[in-house]
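Participant: Let me give you the structure first, and then I'll get to my questions.
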Amino acid sequence: MRKLAILVGGAIALAGCATGPRYTPADMNNPLLAPGFVAQASSANQFEIQSAQMALSASQNPGVQSFANMLIADHTAMGQQMSAAAAAAHLPPPEPALLPAQQSMLDQLRAAGTGYAFDQMFQQDQIMAHQQGIALMQNYSAGGDVPALRTLAAGAIPVMQKHLATAQSLQLVAPAPPPPPPPPAPSPNRAGERG
């Protein structure tokens, strides 16, 4: 019995002295820690791709459609780079799901309909999303915890700045108001009637 107590005590003492990394739950809300950064950046990236795909069918504006094609190409590449950087850092691959904030924006964009109303909301969303995305990338590149992801964030900033400038310069043309109805035709005077 005494040997068992010594063995158990020794095992407990050794466990207390362990210097290896300890498991702590991932903080998905902290964008300076890899799990939070990856979740937020991936959701923002998915929003860009999905909203741009929506723009290809909801907008008739050639500038909006060209911008949408640019977003799809660039953010698809960024998603692939994010997956590679996460794998290099031994992190799980990014989830392709949208966080609630991006899902809400996408739902509102879908509800905007088509044409000019869609274009206006799309432009506003792209300006706001890219301002937020640039801030996320700048903060992580300056103080993030995983070097491979810091490099990815730093490299994404110029691309996102180009997207922001393009979104801000989109020329949206409001549809012309319908012409006013023609005035009523004068009624013909009938002969013999007094007025």
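The values are calculated or read from the model by the stated rules, or taken from the named source; none is laboratory data. None of these values were measured; they are calculated from a predicted model. Note that each Cβ is placed from the backbone with ideal geometry, even for glycine, and that neighbours are counted across all protein chains shown. Accessible surface is based on the protein model in full, side chains and every heavy atom, while ligands, DNA and RNA are left aside. Shrake-Rupley method; radii C 1.70, N 1.55, O 1.52, S 1.80 Å.
Participant: Could you run through the range 47-91 and say how many residues are farther than 21 Å from Gly155 by Cα and either in contact with a helix residue (DSSP H, G or I) (Cβ under 8 Å, 6 or more places away or on another chain) or hydrophobic (A, V, I, L, M, F, W, C) (or both)? Show your work before the answer.
Facilitator: So the first thing to find is which residues in the range 47-91 are farther than 21 Å from Gly155 by Cα, and the list is 50-66.
Adding the requirement that they be either in contact with a helix residue (DSSP H, G or I) (Cβ under 8 Å, 6 or more places away or on another chain) or hydrophobic (A, V, I, L, M, F, W, C) (or both) leaves 50-56, 58-61, 64-65.
Residues that pass the stated criteria total 13.
Participant: Within the range 98-119, work out how many residues are within 26 Å of Leu149 (Cβ to Cβ) and touching a helix residue (DSSP H, G or I) at 6+ places or on another chain (Cβ under 7 Å).
Facilitator: Within the range 98-119, residues that are within 26 Å of Leu149 (Cβ to Cβ) and touching a helix residue (DSSP H, G or I) at 6+ places or on another chain (Cβ under 7 Å) number 5.
Participant: Quick one: in the range 44-65, of everything that is over 18 Å from the mean Cα position of the chain (by Cα) and part of a helix (DSSP H, G or I), which residue is surrounded by the most Cβ atoms within 10 Å (Cβ to Cβ)? Please lay out each step first, then the result.
Facilitator: To start, the set of residues in the range 44-65 that are over 18 Å from the mean Cα position of the chain (by Cα) comprises 57-63.
Then keep just the ones that are part of a helix (DSSP H, G or I); that gives 57-58, 62-63.
On the way: Ser57: 11, Ala58: 23, Pro62: 9, Gly63: 16.
So, considering only residues that are over 18 Å from the mean Cα position of the chain (by Cα) and part of a helix (DSSP H, G or I), the one surrounded by the most Cβ atoms within 10 Å (Cβ to Cβ) is Ala58.
Participant: Answer yes if at least one residue in the range 84-100 is charged (D, E, K, R) and either under 17 Å from Lys162 (Cβ atoms) or open to solvent by less than 60 Å² (accessible area, probe 1.4 Å) (or both), and no otherwise.
Facilitator: Let us first name the residues in the range 84-100 that are charged (D, E, K, R), namely 95.
If we keep only those that are either under 17 Å from Lys162 (Cβ atoms) or open to solvent by less than 60 Å² (accessible area, probe 1.4 Å) (or both) too, we end up with none.
No, because not a single residue in the range 84-100 is charged (D, E, K, R) and either under 17 Å from Lys162 (Cβ atoms) or open to solvent by less than 60 Å² (accessible area, probe 1.4 Å) (or both).
Participant: If I filter the range 16-41 down to residues being surrounded by 10 or more Cβ atoms within 10 Å (Cβ to Cβ) and small (Gly, Ala, Ser), which single residue comes out as modelled with the lowest pLDDT? Explain how you work it out, then say what you get.
Facilitator: As a first pass, look at the range 16-41 and keep what is surrounded by 10 or more Cβ atoms within 10 Å (Cβ to Cβ): 26-41.
Checking which are small (Gly, Ala, Ser) leaves us with 26, 34, 36, 39, 41.
On the way: Ala26: 56, Ala34: 89, Gly36: 90, Ala39: 91, Ala41: 94.
Among them, the one singled out is Ala26.
Participant: Being of a type in the set (A, V, I, L, M) and surrounded by fewer than 17 Cβ atoms within 10 Å (Cβ to Cβ) is the filter; apply it to the range 128-147 and report the residue that is farthest from Ala86 (Cα to Cα). Please lay out each step first, then the result.
Facilitator: Taking the range 128-147 first, the residues of a type in the set (A, V, I, L, M) are 128-129, 134-137, 142, 146.
Going one step further and asking which of them are surrounded by fewer than 17 Cβ atoms within 10 Å (Cβ to Cβ), we end up with 128, 135, 142.
Details: Met128: 26, Ala135: 20, Ala142: 18 Å.
Filtering first and then ranking leaves Met128.
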